[in-house]
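Contents: one structure, followed by commentary.
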């Protein structure tokens, strides 16, 4: 939990001085709407997106479980950072989930990395410090960004992270596997074909930047920490009766069924 909390705190510290931190009551109403699968009222213009994200994640950690990792929305550069909750890791490949799990459900492909060795912040190639990797489907709620999908709105809404489905983790023997292509399918039809998972920045660069930032703040990546590299969300929402599958070359697949 400390890893993601520290990362969010760093985002708050870097926000413009003139931005206003939202009132706790405003964040509570926002969180309640998401939990009730409603579209919340957008935060007021000029809101400190980093502070909103930190407060929202803290409130959502009560119903969704502890913050247990970091997710990087890496289809944009620079990447956007969010918190992963216990609920993101609860379901395994083959799980069946309600299609209407959110007000505006969306699915994003990702790789879930588990750190296997410390010292990534000073390594020539931090990919060598990854112990295992698993295909990962992040189940989003786009309602968490009621003001739009700009960077500030996505940060304030913790990227829309809600649930997740995790595939089998495999040891990372070849660091180049993190750059592999991926295919996201809905009922055997291709929803997205993604060279390099659709990441705008190579995994080595993403990991190096994250490791340096966390080390500078006094919380370096440690053994067992989990980091998700997330690609772009599919352009279509899941529907009841569909089976979605993310296949990553050389790293396996993860499947989720919707009822």
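The values are calculated or read from the model by the stated rules, or taken from the named source; none is laboratory data. Here the structure is a predicted model, which means the values were calculated and not measured. A quick note on method: Cβ atoms are made from the backbone with ideal geometry, for glycine too, and the neighbour counts reach across all protein chains shown.
Structure values in brief
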| read-out | value |
| --- | --- |
| Residue 230 being under 28 Å from residue 99 (Cβ atoms) and more than 13 Å from the chain's Cα centre (by Cα) | no |
| Segment 116-140 residues that are on the phi > 0 side of the Ramachandran plot and modelled with pLDDT of 95 or more, paired with ones that are surrounded by fewer than 15 Cβ atoms within 10 Å (Cβ to Cβ) and in a loop (DSSP other than H, G, I, E, B) (beta carbon under 9 Å, 6 or more apart) | none |
| Residue ID - surrounded by the fewest Cβ atoms within 10 Å (Cβ to Cβ), chosen from residues in segment 177-198 that are modelled with pLDDT of 95 or more and out of contact with any strand residue (DSSP E or B) (no Cβ under 6 Å at 6 or more places or on another chain) | 195 |
| Cβ-Cβ under 7 Å pairs, at least 6 apart or on other chains, segment 92-105 side within 17 Å of residue 39 (Cα to Cα), far side surrounded by fewer than 15 Cβ atoms within 10 Å (Cβ to Cβ) | 99/239; 99/240; 99/259; 103/38 |
| Matching entry among 234, 253, 215 (being touching a residue at least 12 places away in the same chain (Cβ under 8 Å) and assigned to a loop (DSSP other than H, G, I, E, B)) | 234 |
| Residues being at pLDDT 95 or above and touching a strand residue (DSSP E or B) at 6+ places or on another chain (Cβ under 8 Å) - total across segment 209-235 | 15 |
| Residue 84 vs. criteria exposed (fewer than 15 other Cβ atoms within 10 Å of the Cβ), at pLDDT 95 or above and in contact with a helix residue (DSSP H, G or I) (Cβ under 8 Å, 6 or more places away or on another chain) | no |
| Residues (farther than 19 Å from residue 62 by Cα and over 21 Å from the mean Cα position of the chain (by Cα)) located in segment 23-42 | 41 |
| Qualifying residue in segment 163-176 (condition: assigned to a loop (DSSP other than H, G, I, E, B), in contact (Cβ under 8 Å) with a residue 24 or more places away in the chain and surrounded by 24 or more Cβ atoms within 10 Å (Cβ to Cβ)) | yes |
| Residues (in contact with a helix residue (DSSP H, G or I) (Cβ under 8 Å, 6 or more places away or on another chain) and surrounded by fewer than 22 Cβ atoms within 10 Å (Cβ to Cβ)) located in segment 227-248 | 232 |
